[in-house]
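For reference, the structure discussed in these notes is given below.
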Amino acid sequence: DAAKKQDMAIRSRENLFGAWAFLAGIILAVVVGLFAGSNINPLILGILALLGLVVGYFVSEKDVHTFLIASVSLVIVSFAGIQGLVLSAAIVGIDIGQIIASVLGALLVLFVPATIIVALKTVFAIAQN
């Protein structure tokens, strides 16, 4: 019983670490997208990708399906949004389109690695059964 409580405490701490990495990644992606525009430092992109890997690693088994549906939706919508906003910004000359496209691009750098890690974990879990 004590080992079970300790295991639950460790999992809770892991989930907390993953949640903080997720929150830091979202804040960093939005701030960088708002202020850096299309000139995002590659080091910042690397940090976002690393945070994405951490987030993906710490997604719990019970949240895998919800995370995959949400993250795949976000990746598709962000990609489509970037394509549409860049095109409209080029035609109309609106700067806000570029800012939104930068934020969506930074979010993609965070979510694509997380989605890949969670999907791979899910495939390996299925293969083991």
| field | Residue check for I117: modelled with pLDDT under 90 and open to solvent by 30 Å² or more (accessible area, probe 1.4 Å) | value | no
| Can you find even one residue in the range 91-98 that is at pLDDT below 85 and surrounded by 14 or more Cβ atoms within 10 Å (Cβ to Cβ)? | yes
| With respect to F35, is the statement that it is under 19 Å from F124 (Cβ atoms) and modelled with pLDDT under 90 true? | no
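The values are calculated or read from the model by the stated rules, or taken from the named source; none is laboratory data. Everything numeric in this text was worked out from a predicted model, so none of it was measured. Note that we place each Cβ from the backbone using ideal geometry, even for glycine, and neighbour counts take in every protein chain shown. For accessibility, only protein heavy atoms count, side chains too; no ligands or nucleic acids. Shrake-Rupley method; radii C 1.70, N 1.55, O 1.52, S 1.80 Å.
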